[in-house]
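What follows draws every value from the coordinates through simple rules; no lab data is involved. Since this is a predicted model, take the numbers as computed values, not measurements. Positions of Cβ are generated from backbone atoms using ideal geometry, with glycine treated the same way; all protein chains shown enter the neighbour counts.
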Amino acid sequence: MPKYPMLEYLWIVPLLPLLGSAVNGIFGAKWPNKIINWVAIGSTGLSFLGALEAVREFFESGRVLFRKEFFTWIATGNFRAGFDLQMDQLTVVMVLVVTGVGWLIHIYATGYMAHEGGYYRFFSYLNLFMFFMLILVLAANYVLLFVGWEGVGLSSYLLIGFYFLRKSAADAGKKAFIVNRIGDFGFMLGMFLLFKTFGTLDFVQLFAKADPWPADAMGHLGTFTIACLLLFMGACGKSAQLPLYVWLPDAMEGPTPVSALIHAATMVTAGVYVVARSHMLFSRAPTAMLAVAIVGCATAFFAATIGLVQTDIKKVLAYSTVSQLGYMFLACGVGAFSAGIFHLMTHAFFKALLFLAAGSVIHAMGGEQDMLRMGGLSKKIRWTYVTMLTATLAIAGFPPFAGFFSKDSILLSAFQNEYGGRNVGYVLYGFGLVTALLTAFYMFRLIFLTFHGKQRYDEHHVHVHESPNNMLAPLMILALLSIVGGWLAAPAFLPGGTDYFAKFLQPVFSPIYRSAEFRVLEPLSVSAEAEAHSLELWLAGIAVVVALAGTVVAYWLYRKRPGKPDGLAKSMKPAYTTLLNKYYVDELYAAAIVKPLLWISTNVLWKGADVAGIDGAVNGIAEGATALGDGVRHAQSGNTRSYAVWVVVGALVVIAVIFFWPFGGKAVVGMVH
Amino acid sequence: MLHGGHLLSVLIFFPAVGALALLLLRGDDHKFIRIIALIVSLAEFLFSLLMIRAVPVGAAGYHLEEYLKWINQPPIHYHLGVDGISLFLMILTTFLTPISILASWKSIEHRVKEFFVMLLMLEVGVVGVFLSLDLFLFFLFWEVMLIPMAFLIGIWGHERRVYAAVKFVLYTMAGSILMLVGIIWLYNATGTFDLPTIQTLLHTPASQGGLELAPRTEMLLFLAFFLAFAIKVPLFPLHTWLPDAHVEAPTAGSVMLAGVLLKMGTYGMIRFCLPLFPEASRRAAGWVAVLAIIGIIYGALVAMVQPNLKKLVAYSSVSHLGFVVLGIFAFHNISMQGAVYQMLAHGISTGALFLLVGMLYDRRHTFEISEYGGLATPMPKLAAFFLFVALSSLGLPMLNGFVGEYLVLLGTYQRHWGWATWAALGVILSACYLLWSYQRVFFGEITREKNRTLPDASAREKWILATVAVVTLWMGIGSTFITKRTAAAAQDVIDQVEPQRPYEAAAPNIVAPNVLTTDGATTRAKQIPSSAATKVALTERLGTR
C-alpha cells in the first residue's frame, strides 16, 4: 500500500464519472430512474470523496506539486504527450469546485429532470462532462489539458442540444461547438509555438524552461506575447469573451442544471484556469496581459449592458455569467491571478445557485422563463426566494457575502494595475465599477420582476409549487457557501480576515513576483501598508455604495414606479432596441461571415470551380478525344488505294523529319535501328 | 521474430485463392458464398496481424523479404518486403475487407458471387501494392487493382455508375502512364527495376558508380511519379473523379476506395517520390504544400454545402488527405509520422462514415440530406454511432483522427508556421460540415413520414459499427503501439530528403535563452532502408566501398 494511495491512483478521480457515463449510456435506456440516479450520483459523489482524500494527502505530503505519469498517449520524435496528472494548490481549488458543485448539481438534476424523456442520456452526458472537466484541471501538460478542453466542448454540445427535437436547441449546440473550435484553432497554434520554442508541452518542464527568459518588452510581439495571445484566443472561445461570447447566451437552450454546471460554474471558467495555469508565460508577456485585461473588462461591461433589458430569466443570468467571466479575466490581466481564481470559486457558488434557483422558479412556473409573466412569487416559493436573494446579494457585492470580497480584490488590483501605465488601470477600474453598478441593477431587477409585485400569470393555468427537497437541499448548501465562502479571502486587517486564499495560492503564483522583471514588488513598509489598507477600505466603501445605488435604482424603477421602465424604453428607443437585440452581433456575424461563406462555397467553389471549371475541363478533354477519334475514324475507309496514299504520306513525313527536324532526326534514326 | 519463407506471398495471394474457390462454387447459394468470402477475409486479417511481430520496434529497413527472379530480360524480380509504414497500411486493407464484406451482406443481391470475387481480387491488388519492392511489380499491382474497382463501381453502382467507373479508370490511367514512363526511364538508366537498388544508386555519387540526375531530369521524373500519386490521393485540383466514384460506388466500394485506395497515392509519395527524388521533392514542396492546403480548405468548404450526404463525405476525404500530403511534404519527422497515422485514421473513420451512409441508403435509397431529418428518434443507436464516427473524423482528442491531425500540424509548424496556420483552419471547418450535416440528418422533428418507421441498427450492423468504434477509440488512446513501429521507417524517409536539424534530434536541448539559432549543420547520415536481398547485387555493382 503506497503512502498516499489516492494520489498514486489519482486517475480514479476522473475515471469514476467516465464509468458512470458509460454504464448509464449503454445500459441505462432500460433502467428505472432510481438506478440511474445511483450510478450518476454515486460515481460523482465517490469522485468528490476521492478528490477530498487526494487533497488531504497532498497537504499531508507537504509537497508544492504532486505529479505522476500514468501512460504515454502520443509519442513521436521529441514530442511526448502523456496521460500525466498533477496536483498543486490551483488544482486543489479547481478539483474541489468541479467535483463538489458538480455533485450538488447532479443531485438537483435528479429532481429537475425527473419527468423528462431521455433521463439516462442526460446523466450519461453530465457524467461525461465531469470526466473531461476533471481531466482538464488535473492535466499536467497542455495536450492532455486540450483533451479535457475539447471534451467539455463535446459534452456541452450534447447537453445544449439535449432537446434535439427543437431546432433552436440543435442550432445552439452546434454553434457552441463551432465557436469553441475557432478558439481552439488559436489554442492549438499556441501549443505548436510553445513546442517549437521550448521543445515540450509539459507544464513543469515548460515553465522551468520559460523561467530564465526575460519578459517580452511592452508593445513588443515576442514569442511569449504571441503564444499567450494564441492561448488567450482559446480561452476567449471557451470562456465566452469578446468577440467569441455569442454561443453562451444561446447555450441556455440546454436544461437548467446544465446551464448551472457547465455554462456558469465550471466549464466556462476553463479559460480563466488556463490563463492562470500559464501565468509563467503570461507574466512575461505584458502586452498579452494588457490584452487580457482589456478584453475581460470590455466583456464585463458589454455583457452587463445587454443583461439590463433581457426578460428571459436564464438569458439575464447568461449575460451575467459572460460579464462575471470578464471580471475574472480582468483580474488575471492585471496580474492578480489569485483574485481571479477566487472570483472563479465564489462565482461557481453563487452563479450555480442563481441558475438552480432560476430552475426552481421555472419548475414552479411549469416551464415559463419570461419574467414579465411572473411576479409575486416570493411567498409561494419561499425557499427558492431566500436562496436566490442570497445569491443576488453575493453577486451584487454586498458585504459580507462571497462576491463582495472577490469582486473587491479584483477592482483593487485593477486600480493598482501598472501594465501600460497607471491611467489604463484607472480606466479598467472605472469600467469595472460601472459594471458593478449595472450588475446590482439587473440582478435586483430580476428579483423584483420575478418575486415581487403583482402576479402577471394566470393562476388557473399555472400551479405554482415549491420544488422537492432534492432540489432545495443543493440550493441551501450553495447559499451557505455564497455567504461564508468569501471569508476565505477576507483581507487580514478586517476582523476575522486572514487573507487565507491568496496565501494558499502563493506557491503557485509566487514565481511571478520572483522573476517578472517589469514589476518588482518590494515588501511594503509599515506606513505604506497602512496606506494600502486605507485605499482598500476606500475602494471597498465605494463599491458598496455603487452596489447600493444599483439596487435602489432597480427598486425605484420596478417597485415604486412600475410604469417607468416602459416609458424609459420608449423615450430611448434606439438604445433600448439595440440592447434588446444584443447589439445585433449575431446578425452581423451571419451577414458578414456565415452567409458569404456559404454563398461562395456553393456558387464559386463547388458549382463554379469544381463542376464547371475542373470537371468541365476534364469532360472537355474527354469529348475532344471522342471527337478526334470520330474524325480520324474516317481514314479507316477500307479502300486499299486510300491506304496506299496514307503510306506514302507517312513515309514522306518521316523522311522530312529525319532530314529537316533540327533535334529529332537522330532520335528517329536511332529508333529505326 | 518471424523469418523469411513466403509469408508475404501467401498474404498477397491467399485472397486470390479464396476468389478462385468462390468461382468454383454454384452462383445461387448466396449465403454460402458470403460466408466463404467472410471466412477468407477474416483469415487473411488474422494472418496479417501476425506480421506485426515481424517488424521489430525501432528497426528500419524491410523485413520478411522475398527476392526471386521472375523475368530474365529485362531483369524483373519478384521482390517483396514490409516495413513499419506498409505493415499498417496492409493491416488496414485486410481489416476493411471483411468489414466491407459484412456491409454488403444484404445490399448486394445480384451477381453475388462475382461481387465477392471482385472484392477479394481488389484486396490482392492493394496488398500487393503495399508490399512490392520492385517497380515493375508495383506497377503491375497498381494496375491490377484498377480492374476489380472499376467493375465494383460499374456493375454494382448506382444510376451513373458507368460514367463514374470510366472516369475513375481514365483519370487513374492518365497518371499511371506517366509513372510507367518514369519507371522505364529509371530502368534504362540503371538496368534494374529493384527499388532499394535504384534508391541506393540515386544516393551514391557518380564517381562511385551511382547515378546522379540532372535537376531537370530529376524534376521530370519526380513529376511523372507524383502526378500518378496525386491523382490517386486525390490532390486538388485532380480530385473530381472522387465524388463521382464515391457517389456511384456501392458501400463496400466506397469503403475500400476511401479506406485504402486513396492511401496508395500518399504511400507512393512516401515510398517513391521523396526517397528517389529528394532534391526535386524539396524544390516542389512549396507548391505541393499550397495545393494540399487549398485541398484542405476547399474540400471542407465544398463538403459543407453538399446536398448529397455521400458527396459530402467524399469531399471531406479531399480535405483530410490534404493533411496527409502536407505532413509528408513538410519533411519533419513528427509531421511524417502524423501523415502516416492520419492515413490509417482516415481509413477507419471515413470508411465508417461510408458504412453509415450506406446503412441509411439501404433504408431509404437516397443520399439527399433533405430526404432525412429527425432520424435520431427512430434510430437512436445508429445516430449514436454516426456521432461517434463524425467526432473521430473531426479530430476529437482521444479518438483516432486527432492524433494524426495534431501531429501533422505540430510537425509542419516546426518547419513552416504559415502552412500549419492555414491548414489548421481545416479543424474549424471539419466541425462545421460534420455537425451541420449531422444536425440536418438526425436532429429535429421527423420531416418525412417514411422515416418515422425506419428500423434501428440490426445486429449485424451493430457488430460492424462496434468493431470500428473500438478500433477508433483504441487508435485514439493507444497510438504509441503504431507510432513506435512506424517511427524508424518514417525517419528513414525524412533522412533521405532532409537532414535532421540538431536541436530536433532525440531530445530538446534548449535550456537557456538564445540557443535557438543553432540551425543547419547536419548530424545524421543518410540512411537508405536496408534490403538484405539486394545487398549482394549492390556490392557486385558498386564494388566494396
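Enumerate the calculated ³J(HN,Hα) couplings along region A:612-621 in order (Karplus 6.51 cos²θ - 1.76 cosθ + 1.60, θ = phi - 60°), each rounded to whole Hz, writing x wherever the residue is Gly or Pro.
6, x, 5, 5, x, 5, 4, 5, x, 4
Just from its helices, what would the mean residue ellipticity at 222 nm be for chain B, if runs of 4 or more DSSP H residues each count -39500 (n - 2.57) and the sum is divided by every residue, rounded to the nearest 500 deg cm²/dmol? Mind dumping the intermediate values first?
Numbers: 21 runs with 362 residues, N = 545.
Computed ellipticity for chain B at 222 nm equals -22500 deg cm²/dmol.
Would you mind calculating the gained length between residue A:75 and residue A:648 on full extension (0.36 nm times residue separation, minus the Cα-Cα distance), in nm to one decimal? Provide the component values of the computation, followed by the final result.
Numbers: separation 573, 0.36 × 573 = 206.28 nm, distance 7.04 nm.
Residue separation times 0.36 nm, minus the Cα-Cα distance, leaves 199.2 nm.
Beyond 57 Å, how much of the Cα-Cα pair distribution for the protein assembly as shown remains, as a whole percent? Before the final figure, lay out each step's value.
Details: 172514 of 741153 pairs.
So the portion of pairs separated by more than 57 Å is 23 percent.
So what's the net charge close to residue A:120: Lys and Arg +1, Asp and Glu -1, counting the other residues with Cβ under 12 Å from its Cβ?
Values: positive: A:30, A:34, A:121; negative: A:116.
In short, +2.
I'd like the distance separating the alpha-carbon centroids of region B:8-22 and region A:243-274, in whole Å.
57
Got a sec? Charge dipole of chain A, +1 on Cβ for Lys and Arg, -1 for Asp and Glu; which of A:178, A:330, A:222 is way out at the positive end?
A:178
Which value in nm describes the separation of the simple spin-label points at residue B:463 and residue A:559, placed 7 Å from the Cα toward the beta carbon?
7.1
DSSP loop GluC sites (Glu not before Pro) in region B:88-173 with at most 13 other Cβ atoms within 10 Å of their Cβ, which ones? Don't jump to the answer; show the numbers that get you there.
Details: sites: B:109, B:114, B:123, B:143, B:159; in loops: B:109, B:159.
Loop-located and lightly packed - B:109, B:159.
³J(HN,Hα) across region B:458-469 via Karplus (A = 6.51, B = -1.76, C = 1.60, θ = phi - 60°), whole Hz, x for Gly/Pro?
7, 4, 4, 5, 4, 4, 4, 5, 5, 4, 4, 5
Order these peptides, B:327-335, A:411-419, by their mean beta-carbon neighbour count within 10 angstrom, highest first.
Ranking the peptides B:327-335, A:411-419 by packing returns B:327-335, A:411-419.
Test of understanding: extend the Cα→C-beta vector of residue A:26 to 7 Å, then name every residue of region B:449-490 with backbone N under 19 Å from that spot.
Zone members listed by number: B:457-478.
Residue-wise, which Karplus ³J(HN,Hα) couplings in Hz belong to region A:289-299, taking 6.51 cos²θ - 1.76 cosθ + 1.60, θ = phi - 60°, and x for glycine or proline?
So the Karplus estimates, Gly and Pro as x, are 4, 4, 4, 4, 5, 5, 4, x, 5, 4, 5 Hz.
When you look at the Cβ of every residue in B:440-453, what mean number of other chain Cβ atoms sits within 10 Å?
Values: counts 1, 0, 2, 11, 7, 4, 1, 0, 0, 0, 0, 0, 0, 0.
Going residue by residue through B:440-453 and averaging, the value is 2.
Per-residue counts of other Cβ atoms within 10 Å, averaged by peptide: what ranking do you get for B:427-436, A:209-218, highest first?
Details: B:427-436: 23.8, A:209-218: 16.5.
Highest-to-lowest ranking by the protection proxy: B:427-436, A:209-218.
Using +1 on the beta carbon of Lys and Arg, -1 on that of Asp and Glu, and nothing else charged, what's the dipole of chain A about the Cα centre, debye to 20? Intermediate results must be reported in sequence, preceding the final value.
Numbers: 46 positive and 37 negative charges, 236 e Å.
Dipole of chain A, to the nearest 20 debye: 1140 debye.
What average count of beta carbons from other chains do you get within 10 Å of the Cβ of residues in B:424-436? Mind showing how you got there, number by number?
Working: counts 6, 2, 1, 5, 8, 4, 1, 10, 8, 1, 2, 9, 5.
Taking all residues of B:424-436 together, the mean is 5.
Can you give the helix-only mean residue ellipticity at 222 nm for chain A, where every DSSP H stretch with n ≥ 4 adds -39500 (n - 2.57) and the sum goes over all residues, rounded to the nearest 500 deg cm²/dmol? All intermediate terms of the calculation are to be shown ahead of the outcome.
On the way: 30 runs with 454 residues, N = 673.
Helix contribution divided over all residues of chain A: -22000 deg cm²/dmol.
At a 10 angstrom cut-off on C-beta neighbours, averaged per residue, how do the peptides B:411-422, B:93-104 rank from highest to lowest? Write down the numbers at each step before the final one.
On the way: B:411-422: 21.8, B:93-104: 25.5.
Averaged packing, sorted descending, gives the order B:93-104, B:411-422.
Projecting each Cα onto the charge dipole of chain A (Lys/Arg +1, Asp/Glu -1 at the beta carbon, about the Cα centre), which of A:86, A:453, A:397 comes out farthest on the positive side?
Checking the options against the dipole of chain A, the answer is A:453.
Can you tell me the length gained on complete extension of the stretch residue A:531 to residue A:484, counting 0.36 nm per residue apart and subtracting the Cα distance?
Details: separation 47, 0.36 × 47 = 16.92 nm, distance 2.75 nm.
Net length gain for the segment: 14.2 nm.
Using 1/(1 + (r/R0)^6) with R0 = 51 angstrom and r between the beta carbons of residue B:158 and residue B:73, what's the FRET efficiency to the nearest 0.05? Intermediate values should be presented prior to the final figure.
Working: r = 47 Å, r/R0 = 0.92.
It comes out at approximately 0.65.
Give me B:30, A:347, B:246 ranked fewest to most by other Cβ atoms within 10 Å of their Cβ, as a rough exposure proxy. Write out the running numbers ahead of the final one.
Working: B:30 16, A:347 31, B:246 27.
Ordered by Cβ neighbours within 10 Å, fewest first: B:30, B:246, A:347.
If r is the Cβ-Cβ distance from residue A:542 to residue A:570 and R0 is 41 Å, what FRET efficiency results, to the nearest 0.05? Please list the in-between numbers first.
Details: r = 33 Å, r/R0 = 0.81.
Efficiency at R0 = 41 Å is approximately 0.80.
What are the residues whose amide H is under 5 Å from the amide H of residue B:306, where those residues sit 5 or more places off or on another chain and H is modelled from the backbone?
none
Using Cβ contacts closer than 10 Å as the measure, can you line up A:580, B:120, B:7 from fewest to most?
A:580, B:7, B:120
Any idea what the dipole of the protein assembly as shown comes to, in debye rounded to 20, about its Cα centre with Lys/Arg Cβ at +1 and Asp/Glu Cβ at -1?
Values: 83 positive and 69 negative charges, 337 e Å.
My answer is approximately 1620 debye.
Based on the Cα coordinates of region B:172-247, what is the per residue volume of their convex hull in Å³?
Working: hull volume 7.3 nm³, N = 76.
Cα-based convex hull of region B:172-247, divided per residue, equals 97 Å³.
Which of A:603, A:290, B:43 sits farthest toward the positive end of the charge dipole of the protein assembly as shown, with +1 on the Cβ of Lys and Arg and -1 on the Cβ of Asp and Glu?
A:603
Give me the distance between the Cα centres of region B:363-400 and region A:22-44, rounded to whole Å.
One Cα centre to the other: 24 Å.
Gap in Å between the Cα centre of region A:411-441 and the Cα centre of region A:335-376?
24
Among A:174/A:407; A:174/B:462; A:209/B:263; A:34/A:314; A:167/A:607; B:113/B:462, which pairs are too far apart, with a Cα-Cα distance over 31 Å? Intermediate values should be presented prior to the final figure.
Working: A:174/A:407 33 Å; A:174/B:462 26 Å; A:209/B:263 40 Å; A:34/A:314 29 Å; A:167/A:607 28 Å; B:113/B:462 25 Å.
A:174/A:407; A:209/B:263, as the Cα separations exceed 31 Å there.
Go through region B:436-483 and name the GluC sites (Glu not before Pro) that are in a DSSP coil and have 15 or fewer other Cβ atoms within 10 Å of their Cβ.
Details: sites: B:445, B:449, B:461; in loops: B:445.
For GluC sites (Glu not before Pro) across region B:436-483 that sit outside H, G, I, E and B with at most 15 neighbouring Cβ atoms in 10 Å, the list reads B:445.
So what is Rg over Rh here for chain B, counting just Cα atoms and using Kirkwood for Rh?
Values: Rg = 22.9 Å, Rh = 23.7 Å.
Result for chain B is an Rg/Rh of 0.97.
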